[in-house]
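Worksheet: the structure to be examined is printed underneath.
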Amino acid sequence: MGRQGGTRRGRDDLAAQFTKAYENIDAVLAAGGSSRSKVIKETIHLVGYDTDDAEQLIGLIASCRGEGQTPPASTCVGVETLFAEGFLVEIEVVATL
């Protein structure tokens, strides 16, 4: 997730963390000469994932990806914890140039 002004943006706010994660992905892809439209694989690590929340999660991810984005092959992995308390999501992508 990244820090802004010394504090974690969206601490314990899943929607804010998804938004920030995709912003970070966009920046890294652009720096490497690629873009989110060239993502071919995505792995999402999610703290406290519950399969009963799958539809809501799919909607959240779709809204963060934006209109017209074809979703890549995706895997969602429920995890107990991430790097630090308050981090709820980590997204890893593989993209072509």
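Couple of notes before you dig in:
- Of all residues in the range 64-75 being surrounded by 14 or more Cβ atoms within 10 Å (Cβ to Cβ) and not polar (S, T, N, Q), the one that is modelled with the lowest pLDDT: Arg65
- Every condition in (1) over 17 Å from Thr96 (Cβ atoms); (2) in a helix (DSSP H, G or I); (3) at pLDDT 90 or above; (4) of a type in the set (A, V, I, L, M) is met by Ile61 except one, and the failing one is (3).
- Identity of the residue in the range 76-97, open to solvent by 60 Å² or more (accessible area, probe 1.4 Å) and part of a strand (DSSP E or B), that ends up farthest from Arg11 (Cα to Cα): Val94
- Filter result (hydroxyl-bearing (Ser, Thr, Tyr), at pLDDT below 95 and not in a loop (DSSP other than H, G, I, E, B)) within the range 17-58: Thr19, Tyr22, Ser37, Thr51
- Residue list for the range 18-37, filter: surrounded by 14 or more Cβ atoms within 10 Å (Cβ to Cβ) and aliphatic (A, V, I, L, M): Ala21, Ile25, Leu29
The values are calculated or read from the model by the stated rules, or taken from the named source; none is laboratory data. Since the structure is predicted, the reported quantities are computational estimates derived from the model, not experimental observations. When we count neighbours, we look across all protein chains shown, and the Cβ atoms used for this are built from the backbone with ideal geometry, even at glycine. In case anyone asks, the SASA skips ligands and DNA or RNA and just uses the protein heavy atoms, side chains included. Shrake-Rupley method; radii C 1.70, N 1.55, O 1.52, S 1.80 Å.
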